[in-house]
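Shown next, in structure tokens, is the structure this report addresses.
The values are calculated or read from the model by the stated rules, or taken from the named source; none is laboratory data. Here the structure is a predicted model, which is why all the values come from computation and not from measurement. All Cβ positions, even for glycine, are placed from backbone atoms using ideal geometry, and neighbour counts span all protein chains on display.
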Amino acid sequence: MPRLLLLVPTSSYRIGDFLKAAQATGAEVVVGVGKGAGTALPGDGAFSVDFSNHNVGVTQIADYAVLHPLDAIVAVDEGPTLLAARASQALGLAHNKPDSIEAAGNKRRLREVLSAAGLPQAQFEVLPIDGPARTRVAFPCVVKPLAMSASRGVIRADDQRAFEVAFSRTAAIVRSEDPNLRSPTSRALLVESFVPGVEVALEGLLVNGTLKTLAIFDKPDPLDGPYFEETIYVTPSRLDQEKQKVVQRAAAQAVAAVGLHSGPIHAEIRLDGTDAYVLEVAARSIGGLCGRALRFGTGLSLEEIIVRHALGQTVETNREDRAAGVMMIPIPAAGCLDYVDGLAEAQFTPGIHEVTISIPRGEIVVPLPEGNRYLGFILARGDTPDAVEDSLRAAHRCLRFGISAPQSAPPVGSTDPER
């Protein structure tokens with residue numbers, strides 16, 4: 001029986017889906033738990049791993065593998081992807097090169113790598129976080145942290161005054177996570193020209209260096225700033241076939257330039273006329289509960305595709321025929337989440353198969369750009385992408401959120417880690 005190690009971040013939404021997928025393969029499942037993960041994970045099949053110090057984490061995994069040999073290591077969400085690669089390398093397991101994982105996870109390195117490969121890129125520069133808020137990039141431009149995800153800290157600026165405000169605000173968000181700027185990625189911010197156009201997401205699987213497209217998601221809500229909160233994803237894409245080929249070609253060129261070779265990838269791409277600009281390519285699958293929108297072959301989940309691939313099993317990567325989509329429920333205001341009404345109405349909206357509120361009542365909620373999580377997820381299926389989008393919007397209109405002002409303003413970065 002093969003043995004699989006799942007590396008689980010402290011507050012991942014996805015542990016249940018990955019455990020179910022791993023158990024469906026017949027493998028023995030072991031969970032490497034990040035410090036402070038609580039008690040929601042199985043005790044007998046779990047051990048603590050230091051995610052912050054990779055030398056320690058790799059040693060812990062290697063020590064475990066001496067008595068319990070591992071056949072594959074899978075990172076649940078982005079946080080442990082680099083640790084998974086380094087541990088797999090140490091144990092001689094299939095893996096992406098750690099340098100490639102680092103390049104994908106660092107917006108500066110990604111821009112440099114893609115530029116060196118000759119791929120279309122926005123004009124960009126990197127500014128020290130303690131330096132003056134002056135840029136040579138033409139307006140409108142976008143300020144970004146080097147290492148955060150889920151659009152956290154990403155702010156558009158249309159003129160110098162707005163740029164100064166955006167730079168200061170993004171810098172504060174970075175400092176909230178790393179006050180002493182110990183990480184090299186905390187010491188600078190990326191500034192790049194704003195790329196107009198249609199944005200899509202590509203979900204893929206790399207098999208021996210070849211990219212297999214699992215789904216292309218449309219993002220029907222405009223993402224023009226000043227913040228870039230994603231809401232609705234719908235697949236199959238309504239782009240014409242030629243534009244979809246352009247998207248797939250750009251994603252394949254990007255992962256090849258970065259050096260990724262195996263496993264899931266998630267890419268964010270903008271189409272400006274005939275050019276495709278790769279905004280992000282990550283060595284992970286889509287986050288949150290969004291993966292539940294996808295089904296393959298005879299009903300395989302996205303997580304089962306990932307696990308079976310990691311174990312060296314042949315997988316069916318053709319998506320089901322029906323259209324599907326997800327809405328990441330945005331946080332409308334900062335404060336304390338007092339109540340959620342209309343949940344039953346939303347769940348019984350035609351086309352909806354799941355509505356999950358992922359933040360408990362009584363918790364502080366913070367919208368983007370400071371926040372890094374959503375109120376929950378709405379999932380839908382239908383005969384057409386348009387029908388799916390309509391169902392998602394109708395279900396969202398049913399929901400009403402009571403958010404009261406906190407006694408004092410929540411500190412920047414007071415929410416859970418991105419999941």
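Yes or no, residue by residue, for (1) hydroxyl-bearing (Ser, Thr, Tyr); (2) without any contact (Cβ under 8 Å) to a residue 24 or more places away in the chain:
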| site | (1), (2) |
| --- | --- |
| Ala162 | no, no |
| Phe167 | no, no |
| Ala171 | no, no |
| Asn180 | no, yes |
| Thr185 | yes, no |
| Glu192 | no, no |
| Pro196 | no, no |
| Ala201 | no, no |
| Gly204 | no, no |
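Residues in the range 323-345 that are small (Gly, Ala, Ser) and touching a residue at least 24 places away in the same chain (Cβ under 8 Å) were compared, and the one that is farthest from Lys219 (Cα to Cα) is Gly335. Filtered by the rule that a residue be more than 25 Å from the chain's Cα centre (by Cα) and hydrophobic (A, V, I, L, M, F, W, C), the range 347-371 gives a lone residue, Phe348.
Among the residues of the range 289-307, is there at least one that is in contact with a Pro (Cβ under 7 Å, 6 or more places away or on another chain) and either closer than 27 Å to Arg108 by Cα or modelled with pLDDT under 95 (or both)? Checked the range 289-307: no residue is in contact with a Pro (Cβ under 7 Å, 6 or more places away or on another chain) and either closer than 27 Å to Arg108 by Cα or modelled with pLDDT under 95 (or both). Checked against the criteria, Val326 does not count as crowded, with 23+ Cβ neighbours inside 10 Å and part of a helix (DSSP H, G or I). Of the residues making up the range 303-323, those that are in contact with a Ser or Thr (Cβ under 6 Å, 6 or more places away or on another chain) and within 19 Å of Gly382 (Cα to Cα) number 1.
From the list Glu354, Glu320, Glu363, Glu316, the one residue that fits, being in contact with a Lys or Arg (Cβ under 7 Å, 6 or more places away or on another chain) and free of Cβ contacts under 8 Å to residues at least 40 places away in the same chain, is Glu320. Against the criterion of being of a type in the set (D, E, K, R), outside the structural domain of Gly376 (by TED's automatic domain parsing), buried (at least 22 other Cβ atoms within 10 Å of the Cβ) and touching a residue at least 60 places away in the same chain (Cβ under 8 Å), Lys20 does not qualify.
Here is a yes/no grid of residues against (1) more than 22 Å from the chain's Cα centre (by Cα); (2) at pLDDT 95 or above; (3) assigned to a loop (DSSP other than H, G, I, E, B); (4) within 29 Å of Thr170 (Cα to Cα):
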{"site": "Pro332", "(1), (2), (3), (4)": "no, no, yes, yes"}
{"site": "Cys336", "(1), (2), (3), (4)": "yes, yes, no, yes"}
{"site": "Arg373", "(1), (2), (3), (4)": "no, no, yes, yes"}
{"site": "Leu392", "(1), (2), (3), (4)": "no, yes, no, no"}
